[in-house]
C-alpha cells in the first residue's frame, strides 16, 4: 500500500507579514511539537535583508497559530551570518532541544539551542564543526545508551552518536538516493523520528534530478534497537508539489517538512511550500501503522 497525505482545506496556515520587516518576504520550514495541550512552532522567516531568523507561534488546535511579533532566535556568531534555518524540535526530559542549520560564508553547520518556554534560550553553537552538514534531528530517547542524531552529508542520510548531546561521532550513512525513483538526487531527514511498535517512523524529503529539482516527502521505518537499519521506505512520495503556491515561489517545486506530530488519531505534517508559506497535511495514525506493519 502507498500512503498519501491530505492537505488542509484552508492552506496555507502561515504566510509572510508585510509589516514585520524580519518576515515580510518568506515564511517557511518549521519545527512543531505538541506538548501539554499546545502546539509550539518555530518557523524560518526572511525579510528584506534575506537573513533567516526563527519566529515562534503557538496554537491549541494545530491550525490557528498566534505568532509573536519578534523572532526568538537570531544570528549570534560567525557561523550564522546568513541566518539560522530549518529548526527541528525534540523534547528530552523537561527541555526542548532544537537542532538548526547555521549558514554563513563558511558554509552550513549543525547548531543546537534548548529552551523550556520557547522565549529564553541556551545556545550551544555548532555541534558538528568540521563538515558542511544540515537536516539534523534528534531521537527523543537514548538508544543502547547513546543519544542519536539524524543528519545529512550530501547526498545521504546519516546517523551520529553522543554521550552528552554536544560531542558527536561514529558517523554512519543509513540511506542513499535511489536511481529511477523520486528521490534520486539527494535525501534528508524531515521531522524527528516517532517511536512506533514496528520501528522508528521517519518523515524524510527526497529530491528528483530534473531541469528544476523537485522536493517531495516520504516515509522510512528504522529498526527500534538499531536505527542504522532501514526496514522500509516509501516507493512513491506521500506529498509532492501540486498547488500553485507549492510550485512557484522563492524556491520552486518544493514541499519540505521539519515537523510531524501525533494529535488524537492523526499525524499532522507541517511543511514549507516553495519557500513561501507554511502549510499543513494530515494522515490517519492507523493508516500509517498498517503501512509499518507490512514490512
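FYI, it's all coordinate maths here, none of it is from the lab. The shown structure was predicted, so the numbers you read here are calculated from the model rather than taken from an experiment. Glycine also receives a Cβ, built like all others from the backbone with ideal geometry; neighbour counts cover every protein chain displayed.
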(request) Output the relative contact order of the chain, whole-number percent, from Cα pairs under 8 angstrom with separation of 6+ residues. (result) 17
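Can you give me the relative contact order of region 107-193 as a percent, contacts being Cα pairs under 8 Å and 6 or more apart?
That works out to 23 percent.
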(request) Specify whether the C-alpha gyration tensor of region 47-141 places it in the rounded, prolate or oblate class, a ≥ b ≥ c being the square roots of the eigenvalues: rounded for a/c under 1.5, otherwise prolate if a/b is larger than b/c and oblate if not. (result) oblate
(message) Return the Rg/Rh ratio of the chain with Cα-based radii and a Kirkwood Rh.
(response) 0.93
(request) Could you work out the relative contact order of region 1-80, using alpha carbon pairs under 8 angstrom and six or more residues apart, expressed as a whole percent? (result) 21
(request) Round to a whole angstrom and tell me the spacing of the C-alpha centers of region 166-236 and region 33-55. (result) 24
(message) If packing is taken as the average count of other Cβ atoms within 10 Å, what order do 83-90, 94-101 fall into, highest mean first?
(response) 83-90, 94-101
(message) Could you order the peptides 163-175, 2-14 from most to least packed, using the average number of other C-beta atoms within 10 Å per residue?
(response) 2-14, 163-175
(request) Provide the packing ranking of 115-121, 218-224, i.e. peptides ordered by the mean count of other C-beta atoms within 10 Å per residue, highest first. (result) 218-224, 115-121
